[in-house]
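Right, one structure below, let's go through it.
The values are calculated or read from the model by the stated rules, or taken from the named source; none is laboratory data. Just so we're clear, the structure is a prediction, and the values are computed from it rather than from any experiment. Neighbour counts are summed over all protein chains in view; Cβ atoms, including those assigned to glycine, are modelled from backbone coordinates with ideal geometry. These area figures cover heavy atoms from the full protein model, side chains too; ligands, DNA and RNA do not enter into them. Shrake-Rupley method; radii C 1.70, N 1.55, O 1.52, S 1.80 Å.
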Amino acid sequence: MESLRKLFKIGNGPSSSHTMGPKRAAEQFLQRCPDAESFRITLYGSLAATGRGHLTDKAIESVLLPVAPTEIVWQPDIVLPFHPNGMRFEALRGGKTYDEWVIYSVGGGALAEENSKPIEAADVYPDTKLTDILIWCRDNGRTFWEYVEMHEGKEIWIFLSKVWRVMREAVERGIETDGVIPGPLNLARRAMRYNVRASGYSQSLKSRGLIFSYALAVSEENACGGRIVTAPTCG
């Protein structure tokens with residue numbers, strides 16, 4: 001089983017492949033072309049067909065637009081042969097392209113160039129089932145957290161503390177924010193109202209009501225492009 005660092009990923013919703021991946025690609029292209037006068041990004045296939053609903057353009061613009069004017073070109077009818085989630089990044093100077101990069105968002109926030117595969121993470125844990133891990137802990141007189149630290153190292157707690165902080169902040173934002181979820185359906189955010197309502201429930205129902213409002217808060221943050229923990233899509 002691979003590392004918890006690969007299972008839990010911090011990024012913007014609502015989709016690891018349609019939002020997190022394109023944003024990471026934009027960050028890498030900006031490092032490659034920091035002096036561009038403008039950028040042009042062409043989205044192909046699935047990214048173009050559903051990109052507006054997944055805030056793909058907003059994710060890319062959040063990186064590039066503060067640096068230089070950024071144009072998004074939508075090509076849903078063109079599917080590049082390597083993968084449906086293709087992107088072409090162009091850096092322009094004097095109105096002419098001086099550098100370009102074709103990259104693919106292949107799922108889970110991972111990126112791959114044509115005819116290549118994303119680097120697969122090596123397994124960190126020898127066991128793949130929780131029951132096997134618990135049996136090992138029982139037979140060796142260890143706790144579950146000791147098993148994790150033994151295979152991940154003490155640094156894993158710094159990473160998991162960050163994961164927990166991002167999770168908590170997503171819940172807090174979600175239950176404190178009202179308004180409408182982006183998109184053509186004009187769906188109202190409901191987590192704030194559910195949280196207020198649950199707070200007034202009897203003690204026997206209160207905990208269940210609050211848990212529901214917290215889960216809804218994170219889902220709405222995810223749908224609105226907020227910063228969340230993905231595992232792999234919405235944690």
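General observations
- The chain shape via C-alpha gyration tensor axes, a/c threshold 1.5: oblate
- Of 103, 211, the residue with the largest accessible area leads and the full order is 211, 103 (1.4 Å probe).
- Surrounding net charge for residue 159, when Lys and Arg each add one and Asp and Glu each subtract one, Cβ distance under 14 Å: +2
- Computed helical MRE - 222 nm, the chain, DSSP H runs ≥ 4 contributing -39500 (n - 2.57), nearest 500: -13500 deg cm²/dmol
- Translational diffusion coefficient of the stretch 84-190 (Stokes-Einstein, Kirkwood radius from Cα pairs, 10 °C, 1.306 mPa s): 82 µm²/s.
- Prolate/oblate/rounded label for the stretch 91-146 (Cα gyration tensor, a/c 1.5): prolate
- Accessible heavy-atom area order of 96, 6, 206, highest first, probe of 1.4 Å: 96, 6, 206
- Entries in 9/154; 129/154; 23/129; 58/162 that, when Cα-Cα distance is taken, lie over 30 Å: 23/129
- Secondary structure note: in the chain, about 80% of the DSSP beta bridges are antiparallel.
- The stretch 52-133: C-alpha gyration tensor shape, a/c 1.5 cut-off, then a/b vs b/c: prolate
- Net charge of neighbours whose Cβ lies under 11 Å from the Cβ of residue 93, counting Lys and Arg as +1 and Asp and Glu as -1: -3
- Helix runs (DSSP H) in the chain reaching 24 Å along axis by Cα, Kyte-Doolittle at least 0.0: 156-176, 203-223
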